[in-house]
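The values are calculated or read from the model by the stated rules, or taken from the named source; none is laboratory data. Remember, predicted model here, so these are calculated numbers, not experimental data. Note that each Cβ is placed from the backbone with ideal geometry, even for glycine, and that neighbours are counted across all protein chains shown. Heads up: the accessible areas ignore ligands, DNA and RNA and are worked out on the full protein's heavy atoms, side chains in. Shrake-Rupley method; radii C 1.70, N 1.55, O 1.52, S 1.80 Å.
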Amino acid sequence: MKTIKYYLFTLLILALLLSACAPQATETSQPVAPTEAEIDQPVAETEAPEAETITVIFPKHEAEWADVYEPRIKQFEAETGIKVVLIQSDWDSVADKIIPEMASGGSAYDVVEFDNGWVNEWCGAGWTTPLNDYMPEGYTDGMIPGLVDLFTCPDGTLHGVVWNNDTRFFYYNAAKLSEAGFEAPPATWDELVTQSQAAVDAGVVEYGMDPYWNQEWSLMNEFHFWTYVFGGEVADKQGCFLFNEDPNTLAGLEFAINLLNNGIANPAGLTYDQATAQNLFLSGNSLFFPQGISGLMALANDESASSVAGEIKIGLVPSGGKSLTLPEAFAIPANSQHKEAAWKFIEYMTSIESNVVIAKQIGLLPIWVDLYTDPELTALYPHWAGFYAQLDNVRGLSTLTWYGDFVDIGQAEIHKALAGEQTAQQALDNMAAGLSEFKCVP
Amino acid sequence: MNSSGVLRLSLLERTKKLFVSENWFGFSLVMPALIAVFIIVFLPFVDSLWLSFQRHDLTRPQNDAFIGLGNYINLLGDDRYLGSLRASAVFSLVSVVFEVVLGVGIALVLNRKFIGQGFVRGLMILPWAMPAVVNAAMWKWIYNADYGALNALMTQLGILDEYQVWLANPVAAMALLILANVWKETPFTTILVLAALQGIPDTLYEAARVDGASAWHQFLYITFPLILPVVMVTMLLQTIWGFHHPFELAYIITGGGPYSSTELIPLRIYAQTFRSLRFGYGAAVAYLTSLLLLIPAIFYIRTAYKKIVEY
Amino acid sequence: MPAWLRKLPLYLLVVAVVIWIVAPFLWLIISSLSYKVDLLSIPLQWIPRRITMENYQELFLYQGSFNVNAALFTSSIINSMVIASVATFIAMILGVLAAYALARVKFRGSDAYMVIMMGAQMIPPIAIVIPLYVVLRKLNLYDTYLGIVLVYQSFILPLVIWLMRSYFATIPAELEEAARIDGCTRLQALVRIVLPLSGPGLVSVLIFAFIASWNEYLYAFIYSSVTAKTLPVLIGEFSTKLGLEYLRIASAGVIASLPPIILALIFQKYLIKGLTAGAIKG
């Protein structure tokens, strides 16, 4: 009957209407036009300033156990009158959301996450705005120089200001270490091996360390760490390969492989991400956690999450090695329509005041050198003293326009070497072969 | 047979009359769906297909160029891609075999009368009802080398002496990935086969039993041919999905490891597009794989589709 | 042999099937009710010594701001419900019509049509996700219900069409012809004869279409942001720079699996047999 047909089509239209009438996207907010009555008001009203809205996207801080950034942003809104649409999720999701937008030249975001691994890639793609146009003279003078350099494009302009100084520390379980008969953390990597061996033999721990060497993006972070602490290099300024020719790089990789072969490192680490490895460390399974986040200390002393509360200390990286820093910055996309307001946001959220507030709450490492001698903060975080001593020594990841490819090929080859299916030299040679088209292109 | 003969004739006349309007009627019914799919899939498809004929690495825009089949030719020599193709083929085909066998088997069991049959039938959808992320995370936790339920179960049952690092062994990792996939996907086949089983009249089985046919014969000659169309559809769909869908599964459980032995095609596309920012190459990976999948698809249409229509 | 003994093999099989389906999920539930520290103990305790609702509470209370997080979680459930229902509804109507035409009506181009529908299935979503992103942005459909519902048609419609066509093909054409002789139009024959007969098929395809939309991740992730974020996307965000947050995923996953199961439990009644048999006999 026709009625059935009409009935169905009406339902169809209703369904479409239902979905169309759903809450609209909140990306842009239109200023409210004054009604006729208001316009006709004889009383002169002060014009309400049009609220500028910026859209900000960056990941949740990994140590943000309680709400920290959102309240700070709300204060920014109150103080400047700029409205912020905040999009926060995990690091992977943020990265995947930003790519389509940047790739299509969109202007949906005004402040984006800018990870240190992306810098040269994005510089090459021209996706971000040089901040030199917006920042006052000498703005970066008090900042940790390394962090400034990391986010400078090859043409010398600054493109990002760090909001998450994610420098890693050398953690160890002091209680278990002394149980095994050692009072001081290892001064050299060989000492680390002997201490681990003794502790394992004495049954104090299962392993010297629980590594996180799953085949994933962060495996190449690890590769950089072991390379650097053995004095090796990955590539030079022109992008010429050093990793397959530098004997120190080879030594670093071989050391890591031997940790597995000698039973010092948990072989299950080949399948673990850092969160899982951290859990093991916090359950007393191992002695050393060579590159833990700054917030790990607080977590280690939290009895509801850790079985080793009070046992963990921070030491210097053995053999005078340099810690890895994996900072994240704020950047302004090239096509943003609200660059002035975006800069105000960046300036506010990375200011000295913001650093102090957030540091007090979640132990965020400041980007301003002076804050490391601030009495209040150093009382809260005594382990910062070690970091301050190494300020000039932290190193970041390689700055390559082909960093994505480097990770893609590297993670497979390095994982194969760690699993014992090829030698370290073979892995490095295979990497060089796979990346040959990029040789000496920075 | 006069009456039916007369009936058939008038049917034929009617059909002839309707022949012209048949076409239009058919078109009008299928058009809306076609338009929707066309616009949403076809236009972006053309766009990205065009992209696959170019070198378009976003971080090196100075190298952008039209290179025709260049990407495809490079792919055929790309060991990483070929490895992932092999991995995906193994993953998909082995999964499908298990999904069909288990799916049909479970459907046969659920087709019987037993106490709580309604509840179990509803429960059966559970694995498929779970979001892929949750499924992947759940199995990753089960396979965990130090805390996983799999290790605990095996050692407590005495099958193993010590905990194994399953995901560090290429064969075990692939097998466990397939297990996670089969567990999740089997309900799809089960429910569709179950629905098809509902359409088989009891009388057929009764007649067969009277003739003395065994249960196996009943299955082979009655059940199997009647559920075959549905089974073939699900097989084809599951094969295609096995190639294109299991991104979360592989990414979360193994990340493609150990050393790329479980690196499925979706992981390659993701790595090339989203991480290496090589949009042209990434698109080529996708479409070369689709091209290769066209072969079983065409085979299916040629053989099974005709069979169903004639049926 | 007593009746129950004859049935024993069947019940053993049923128990095996139930264990196969439920065991991993049971472990998920147990994990979600456990303290993290307890799960990290060797040897593993299957039945936890103490249970806690804190993982579920955290879904609503995480990081201390109750209203924001409760709102996020509940709104993502609502988003998923609306989007999945509307997308399924539209796909079923359009898909059943198309499937019927393909099964019954011999019109020119039906083969090509099937090839196109199959082709649509074979284009991996990740390949077209970025060009489609540009289109949605331009049409202002980004982060809207309508945008995602439309995008979902691209994979639900072919599914519905393929599956329903094979069901329609198993229904003898004589029944409809008899009806049309009695004066029904083709559409009336479709609605009154074919649809009721293909009840089980219809129900199962509907369940699948709903679950496929309910669980879809990639499109929902790229095309939603704050307003239209669905539940799988929210669950996908339960990770940090360091790795997955298993317990949050477990508790949210348990909740996310419930609506589809409830749907299936309600509708499994309709997978009853004998409809076609009766029609043929009669």
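A few remarks follow.
- C-alpha center-to-center spacing [the stretch B:29-78, the stretch A:353-389] in angstrom: 50 Å
- If R0 is taken as 25 Å, the Cβ-Cβ distance between A:S304 and C:Q45 corresponds to a FRET efficiency of 0.90.
- Rounded, prolate or oblate (a/c below 1.5 giving rounded, otherwise prolate when a/b exceeds b/c) for the stretch B:76-310 by Cα gyration tensor: oblate
- Calculated mean residue ellipticity at 222 nm for chain A: -12000 deg cm²/dmol, from DSSP H runs with n ≥ 4 weighted as -39500 (n - 2.57), summed, divided by the residue count and rounded to 500.
- For chain C, a Gaussian network of Cα nodes joined below 10 Å ranks C:A91, C:A169, C:A23 by mean-square fluctuation, and the top entry is C:A23.
- For the stretch C:203-255, the spread of Cα positions along the three principal axes, ordered from largest to smallest, is 42, 24, 15 Å.
- Close amide H partners of A:G420, meaning residues 5 or more places away or on another chain with modelled amide H under 5 Å apart, do not exist here.
- Exposure of A:D392 as accessible area (Å², to 10), given a probe of 1.4 Å and all protein chains: 140 Å²
- Buried area at the A-C interface (accessible, heavy atoms, 1.4 Å probe, summed, Å²): 3900 Å²
- B:T303 versus A:K313: modelled label distance in nm, points set 7 Å from Cα along the beta carbon direction: 7.1 nm
- The stretch A:50-99: GluC sites (Glu not before Pro) falling in loop per DSSP and having at most 16 other Cβ within 10 Å: A:E50
- Placed amide H near A:E233: partners under 5 Å, 5+ positions off or other chain: A:T249
- Mean-position separation - Cα centroids, the stretch A:296-340 and the stretch C:121-176, in angstrom: 44 Å
- For the stretch C:146-254, the solvent-accessible area works out to 22 Å² per residue, with a probe of 1.4 Å and every protein chain left in place.
- Accessible heavy-atom area order of C:L190, A:L86, B:L291, highest first, probe of 1.4 Å: B:L291, A:L86, C:L190
- Computed lengthening from A:R72 to A:D149, 0.36 nm per intervening residue step minus Cα-Cα distance: 25.0 nm
- With 23 Å as the limit on Cα-Cα distance, the pairs of C:K229/C:K269; C:K106/C:K269; A:K74/A:K344; A:K322/A:K344; C:K138/C:K241; B:K184/C:K7 that go past it are C:K229/C:K269; C:K106/C:K269; A:K322/A:K344; C:K138/C:K241; B:K184/C:K7.
- Phi to ³J(HN,Hα) by Karplus 6.51 cos²θ - 1.76 cosθ + 1.60 over the stretch B:283-292, Hz, x for Gly, Pro: 5, 5, 4, 4, 7, 5, 4, 4, 4, 5
- Computed about the Cα centre, the dipole magnitude for the protein assembly as shown is approximately 6520 debye when only Lys and Arg (+1) and Asp and Glu (-1) carry charge, each at its Cβ.
- Pairwise centroid distance, computed over Cα atoms, of the stretch A:126-168 with the stretch B:262-293, Å: 34 Å
- Global size of the protein assembly as shown as Cα Rg and Dmax, reported in angstrom: 31.0, 109
- CD proxy at 222 nm, helix term only [per DSSP H run n ≥ 4: -39500 (n - 2.57); per residue of chain B; nearest 500]: -22500 deg cm²/dmol
- Student exercise, the stretch B:138-224 dipole from Lys, Arg, Asp, Glu Cβ charges, in Debye to nearest 20: 180 debye
- J(HN,Hα) series, the stretch A:239-246, from Karplus relation 6.51 cos²θ - 1.76 cosθ + 1.60, nearest Hz, glycine and proline x: x, 6, 5, 10, 5, 8, 10, 7
- Both chains summed, the buried accessible area for C and B stands near 9300 Å², from protein heavy atoms and a 1.4 Å probe.
- Listed residues C:A209, C:L265, C:I93: farthest to the positive end of the dipole of the stretch C:67-279 (Cβ charges): C:I93
- Of all DSSP-defined beta bridges confined to chain A, some 65% are antiparallel rather than parallel.
- Selection from B:N144, B:F243, C:I171, by position along the positive dipole direction of the protein assembly as shown (Cβ): C:I171
- Global form of chain C, assessed from the alpha-carbon gyration tensor, a/c cut-off 1.5: oblate
- Considering helices alone, the calculated mean residue ellipticity of chain C at 222 nm is -23500 deg cm²/dmol, with DSSP H runs of length four and up weighted by -39500 (n - 2.57) and normalised per residue.
- Lys/Arg +1, Asp/Glu -1 at C-beta; the stretch B:50-167 dipole; positive extreme among B:T59, B:N135, B:V101: B:V101
- Exposure of C:I51 as accessible area (Å², to 10), given a probe of 1.4 Å and all protein chains: 110 Å²
- Figure note: C:S34, A:S107 ranked by solvent-accessible area, largest first, 1.4 Å probe, ligands and nucleic acids not counted: A:S107, C:S34.
- Unit charges on C-beta of K, R, D, E only; dipole of chain B, Debye: 740 debye
- Accessible area of A:K74 in the full protein assembly, 1.4 Å probe (Å², nearest 10): 120 Å²
- Between B:W216, B:W183, B:W128, the GNM of chain B built on Cα springs shorter than 10 angstrom shows B:W216 fluctuating the most.
- 3J(HN,Hα) couplings calculated from phi for the stretch B:250-262 with the Karplus curve 6.51 cos²θ - 1.76 cosθ + 1.60 (θ = phi - 60°) are, in sequence order, 6, 4, 7, 6, 10, x, x, x, x, 5, 6, 7, 10 Hz; Gly and Pro show x.
- Residues whose placed amide H lies under 5 Å from that of A:W163, excluding near-sequence neighbours: A:E328, A:A329, A:F330
- Structure remark: mean-square fluctuation, Gaussian network model of chain C, C-alpha springs under 10 Å; the largest value among C:L33, C:L146, C:L44 belongs to C:L44.
- Heavy-atom accessible surface of the protein assembly as shown: percent carbon and sulfur, 1.4 Å: 63 percent
- Computed over chain B: relative contact order in percent, which uses C-alpha pairs under 8 Å that are six or more apart: 28 percent
- DSSP-defined antiparallel bridges as percent of all bridges, the protein assembly as shown, nearest 5: 70 percent
- Computed over chain A: relative contact order in percent, which uses C-alpha pairs under 8 Å that are six or more apart: 23 percent
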